[in-house]
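Okay, structure first, notes after.
The values are calculated or read from the model by the stated rules, or taken from the named source; none is laboratory data. Keep in mind it's a predicted model, so treat the numbers as computed, not measured. Positions of Cβ are generated from backbone atoms using ideal geometry, with glycine treated the same way; all protein chains shown enter the neighbour counts.
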Amino acid sequence: ASEERSAKAERMFALMDRFLKNDPISLQNDILDHVEYTMARSRFSFDDFEAYQALSHSVRDRLIERWHDTQIYFKRKDPKRIYFLSLEFLMGRSLSNSVINLGIRDQYAEALSQLGFEFEVLAEQEGDAALGNGGLARLSACQMDSLATLDYPAWGYGLRYQYGLFRQVIMDGFQHEQPDYWLNFGNPWEIERIHLTYPVKFYGSVEDETLNGEIYKVWIPGEMVEAVAYDNLIPGYGTRNTITLRLWAAKPSDQYDMESYNTGDYINAVVSRQKAESISSVLYPDDRSYQGKELRLKQQYFFVSASVQDIIRRFKDAHSNFDEFPEKVALQLNDTHPSLAIVEVMRILVDEEHLDWNKAWHIVCQIFSFTTHTVIAEGLEKIPVDLLGSLLPRHLQIMYEINFNFVEELKKKIGLDYNRLSRMSIVEEGAVKSIRSANLSIVCSHTVNGVSRAHLELIKANVFKDFYELWPQKFQYKTNGVTQRRWIVVSNPSLSSLISKWLGTEAWVRDVELLTGLREYAANPDLQLEWKMVRKVNKMRLAEYIEAMSGLKVSLDAMFDVQIKRIHEYKRQLLNILGIIHRYDCIKNMEKSDRRKVVPRVCIIGGKAAPGYEIAKKIIKLWHAVAEKINNDSDVGDLLKLVFIPDYNVSVAELVIPGADLSQHISTAGNEASGTGSMKFLMNGCLLLATEDGSTVEIIEEIGVDNMFLFGARVHDVPVLREKGVDLKVNLQFARVVRMVRDGYFGFKDYFKSLCDTVEVGKDFYLLGSDFGGYLEAQAAADKTFVDQEKWTRMSILSTAGSGRFSSDRTIEDYAKTWGIEPCRCPF
Ligand code: Z15
């Protein structure tokens, strides 16, 4: 039968000459066909949005061809696969990224221009797929791009939220949240697989069933929903490989609730059925705060269960013996959010495949690799046992059994150290008995990954110390990275061409270490001139956006100083604001003649606050209050301008990052697990002003400490400084700016009181006070360097040249070793 199948595949490959052609005429025909037959618009009347949709459909057709070939090839070769499980993927837009990875951007641009359209203008029509919150979610997206490009047989699995991350609207300087119903106008980038569905069970009870003299557990569910697959195609660059990001949507199940239709209440039966869809309706907008909500747990199990069923189905298509499972399957847990996958695999192997417990356990221990993204214990997920027991009764039993076995083993190793045993237990006893998802993940995974070297050191010393001492070899780090395809080639085409010109090759797009070749030209006046011109054009683009958005005209001679990321106290946007207030205060108190020496600045900030995070929302309001005052002070003029970029998202980042001169990554040391924004700025030749936190330590190693502006307490200083506090009599500058806010200099005195309280002596947990002096010095050093444009440009070139290590290609190669997978490159 398999021979017959491959003969059929052979015949299909022979039909390859009917593949879509990529010359401009063929592209035009295809686009116009989609206008007429897909969009059902007349070819004589369609607008930019319809043109974008038709264009996307023609790209989608080309993706599908390669995707089919890749999937058939994977099936034929049957390599070990990697399954990347993540509750969040921040994909952003797909059009430009797809045509660039397919290598047909220029052909499309030409085809469109003959039709009277501009590629860039149509690309702007696309909305973001924002199925995630921040760094963790964008990391998943970058890693998918690298997995495809490096030819790995990989699948991403996640949830198809109908509402992505909320839209941020600013009214009177306050953040408001609006729903992001992103599917309203259709989504050409997904393929609905109506027949690819799995049932997912909830609630109910567990009963014993005897079969051939053995007793098995049977879960009788109380509710059942259907998971429908939506495939998003991820093309690699410079390869035919196109892999799958499979997102699940919830639909009412046909199988289960026939009962209710016989009770007579037809209308209510339909209405309650429809509720099933709410499982995949909305993304939780909290970056790293865990609330123990039932819907969230349902989302986690829903996507995990469908994915695990799909993975096992694919394995069973080609294999009959589960002993081979670890040779063919690796699962990656992106944080603890998908950790129920461990228990789901155990349940299916034991209850449905009828493997004995020890055998199933042995398999589970070989397939899971877990990455943690947090630093602090409070950030670790906990599932209340009551909630779990009611929603997933069988899973709770399995967790108890895993935990019992683990604790018994542990006792043999460490003796009856009850404090330690209770710290390491998967089950937390206490006011609310809960499951510690991280402990579950560590116990059941072969590897625990940190996201930077510093992060690994921190978790070894703090949150996971007990586990590290038990299993030191499990603990590793894979420093995060970002994809240069999106973060240079798509977002900064002119820099991209300049790099290729000077390196004499485009090979760096796949082999990013080649960027180091720029080092030898860092001081070359010709490169410097071209580099500055490219940067100027990008600044212009950003300035136009700022003006269109806010009406504010900013000077291109000013230093564009940017901080864009989620708003968090530990990321210290407040330190940035207080620094700006200090700068304003200095300008105001200066002799008029001295003002000529001030380096003009445009301070740009962007980011969303979690809807329930009061202090973060106050930081946004404070920015606007300070901006209102300074931007309207004609005395200051172009010397200082403040810009808030509303609704910060992936495509806004693509515009802002290439236009930034300086970017800030100023978290209190020991708080940012890695940070990935800094890597995007680095690739684009933006200088960093940063603390020694997360991956910054490794960036310093690559570009040298002299090529950035460093300041602030180090990790080991932090506890000492927290203990000691800062004497505000000594730290006069800090006391003064906080007092200005407190006294209502920017209005909203009462509203800002609680925000000011967070940095009072003795309460200043994130050490804004003690780092303030160093921050101002680093800012002054940036000013001084900016005046010396030759030096600044050299540092800028060296930043790009040293950014290669921070490509997600390198991260994925690191992971591939842990997963034990090899490339599987589709030959056509
Ligand atoms: C998130 O975006 C990150 C960590 C989390 O625990 C959650 Cl829930 C969300 C971030 C880290 O804060 C950041 O330092 C890191 O670069 C990123 O994950 C990707 O690892």
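Numbers below:
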{"quantity": "Top-ranked residue in the stretch 107-143 [being more than 16 Å from the ligand (Cβ to nearest atom) and aliphatic (A, V, I, L, M); ranked as surrounded by the most Cβ atoms within 10 Å (Cβ to Cβ)]", "calculated": "A129"}
{"quantity": "Only one of S98, S94, S146 that is within 15 Å of the ligand (Cβ to nearest atom), among the small types (G, A, S) and crowded, with 22+ Cβ neighbours inside 10 Å", "calculated": "S146"}
{"quantity": "Counted residues, the stretch 691-710 - those being polar (S, T, N, Q) and either under 24 Å from T793 (Cβ atoms) or outside the structural domain of A669 (by TED's automatic domain parsing) (or both)", "calculated": "2"}
{"quantity": "Residue in the stretch 464-471 that is within 16 Å of the ligand (Cβ to nearest atom), in contact (Cβ under 8 Å) with a residue 12 or more places away in the chain and not in a helix (DSSP H, G or I) present", "calculated": "yes"}
{"quantity": "Residue match in the stretch 695-709 (condition: of a type outside the set (S, T, N, Q) and either at pLDDT below 95 or touching an Asp or Glu at 6+ places or on another chain (Cβ under 6 Å) (or both))", "calculated": "no"}
{"quantity": "Those residues of the stretch 736-760 which are under 35 Å from the mean Cα position of the chain (by Cα), within 15 Å of L575 (Cα to Cα) and without any contact (Cβ under 8 Å) to a residue 60 or more places away in the chain, in sequence order", "calculated": "C756, D757, E760"}
{"quantity": "Elements of type helices (runs of 4 or more DSSP H) in the stretch 491-591, at least 3 residues being outside the structural domain of S667 (by TED's automatic domain parsing)", "calculated": "493-503, 525-550"}
{"quantity": "Selection status of A40, surrounded by fewer than 18 Cβ atoms within 10 Å (Cβ to Cβ), among the aliphatic types (A, V, I, L, M) and either over 30 Å from S695 (Cβ atoms) or within 16 Å of the ligand (Cβ to nearest atom) (or both)", "calculated": "yes"}
{"quantity": "Of all residues making up the stretch 338-380, the number that are buried (at least 22 other Cβ atoms within 10 Å of the Cβ) and among the acidic types (D, E)", "calculated": "1"}
{"quantity": "Residue match in the stretch 54-72 (condition: within 16 Å of the ligand (Cβ to nearest atom) and surrounded by fewer than 24 Cβ atoms within 10 Å (Cβ to Cβ))", "calculated": "no"}
{"quantity": "Residue that is nearest to R535 (Cα to Cα) [pool: residues in the stretch 652-673 that are among the hydroxyl-bearing types (S, T, Y) and within 13 Å of the ligand (Cβ to nearest atom)]", "calculated": "S667"}
{"quantity": "Positions within the stretch 472-489 being part of a helix (DSSP H, G or I) and surrounded by 24 or more Cβ atoms within 10 Å (Cβ to Cβ), in sequence order", "calculated": "Q484, R485, R486, W487, I488, V489"}
{"quantity": "Single residue of Y163, Y157 found to be in contact with a helix residue (DSSP H, G or I) (Cβ under 7 Å, 6 or more places away or on another chain) and either assigned by TED's automatic domain parsing to the domain that holds Y648 or among the aromatic types (F, W, Y) (or both)", "calculated": "Y157"}
{"quantity": "Selected residue (only one of V718, V737 is in contact with a Leu (Cβ under 7 Å, 6 or more places away or on another chain), within 19 Å of H582 (Cα to Cα) and not in a loop (DSSP other than H, G, I, E, B))", "calculated": "V737"}
{"quantity": "Subset of the stretch 166-209 [farther than 30 Å from M224 by Cβ, at pLDDT 95 or above, in a loop (DSSP other than H, G, I, E, B) and of a type outside the set (D, E, K, R)]", "calculated": "G173, P188"}
{"quantity": "Near pairs, Cβ below 6 angstrom, 6+ apart or cross-chain, from the stretch 278-298 (within 26 Å of A673 (Cβ to Cβ) and assigned to a loop (DSSP other than H, G, I, E, B)) to any residue that is within 16 Å of the ligand (Cβ to nearest atom) and among the charged types (D, E, K, R)", "calculated": "Y284/R296; D287/R566; Y290/E381"}
{"quantity": "Within the stretch 721-734, considering residues that are part of a loop (DSSP other than H, G, I, E, B) and over 24 Å from L622 (Cα atoms), the one farthest from the ligand (Cβ to nearest atom)", "calculated": "K729"}
{"quantity": "In the stretch 299-330, residue nearest to the ligand (Cβ to nearest atom) [restricted to those that are part of a helix (DSSP H, G or I) and among the aliphatic types (A, V, I, L, M)]", "calculated": "V304"}
{"quantity": "Residue pairs meeting the criteria (Cβ under 9 Å; at least 6 apart or on separate chains; first on the phi > 0 side of the Ramachandran plot, in the stretch 192-212; second assigned to a strand (DSSP E or B) and surrounded by 11 or more Cβ atoms within 10 Å (Cβ to Cβ))", "calculated": "Y203/E223; G204/W219; G204/I220; G204/E223"}
{"quantity": "Failed criterion for D635 (all others in (1) under 18 Å from I170 (Cβ atoms); (2) modelled with pLDDT under 95 hold)", "calculated": "(1)"}
{"quantity": "Condition met for S272 (out of contact with any Pro (no Cβ under 6 Å at 6 or more places or on another chain) and at pLDDT below 85)", "calculated": "yes"}
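Yes/no matrix, rows are residues, columns are (1) surrounded by fewer than 22 Cβ atoms within 10 Å (Cβ to Cβ); (2) assigned to a helix (DSSP H, G or I):
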{"position": "V652", "(1), (2)": "yes, yes"}
{"position": "P658", "(1), (2)": "no, yes"}
{"position": "Q664", "(1), (2)": "no, no"}
{"position": "A669", "(1), (2)": "no, no"}
{"position": "A690", "(1), (2)": "no, no"}
{"position": "V697", "(1), (2)": "yes, yes"}
{"position": "A713", "(1), (2)": "yes, no"}
